[in-house]
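The structure appears below as C-alpha cells.
Every number here is computed from the coordinates shown, using simple stated rules; none is lab data. Quick caveat, the model's predicted, so the values are computed rather than measured. Here Cβ is always computed from backbone atoms with ideal geometry, including for glycine, and neighbour counts include all displayed protein chains.
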Amino acid sequence: MTTTPNPAAPGPSGHPSPSGSAWAAGGVLFAAVLMMINGVFAIFEGIAALAKDDVIWRVRDYSFKFDLTAWGWIHLILGIVVLIVGLAILKGTTWGRALGIALTGVSIILHFLWLPYQPFWSLIAIAIGVFVIWALCVDRSPGAL
C-alpha cells in the first residue's frame, strides 16, 4: 500500500514542506490585507461615531455602556494602527506579525463591546479577527514568529 505525503506535514527541519508553507504564506498575505481593510473600516466607524450620534443604532440596557464619542476615538486610533501594522505584515516584518496578533486580539474584544451599536458588523469583524490570528500563527516558515 502506497501512502502519499501530507504537504503540510513538517519536513526534516521541522518546518512545513514547500507546498504547506506556500499555503500558510498565502494565508498571511490574505490576513495582512484583511487587517488593512479592517483598519479602514474601523477608521470609518470612528468617523461615523464622532460625526453624529444618531448615525449609530443603539441597543438599550446593554451591560457595557460607553460614550459614543469615546468609541469614535477608540475606533479611529485603533483603525489607523491596524492599517499600519497590516502594511508592516505585508513587508514581512516579525514585529508586525507579533503586533498584528496582539492588536487583532484587542480588536476582537473591542468589537464584542461594540455589539450594541453595530451588532452585525461587530460579528463579522470578530470572525475576520479570528481568521487573521489563525493565519498569523499558523505560518512556521523561516522568519515567522
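Summary of computed values
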quantity	calculated
From the options 104, 93, residue that is free of Cβ contacts under 8 Å to residues at least 24 places away in the same chain and either at negative phi or within 9 Å of the chain's Cα centre (by Cα) (or both)	93
Hits in region 86-115 (condition: in contact with a helix residue (DSSP H, G or I) (Cβ under 8 Å, 6 or more places away or on another chain) and over 17 Å from residue 130 (Cβ atoms))	87, 88, 90, 95, 96, 99
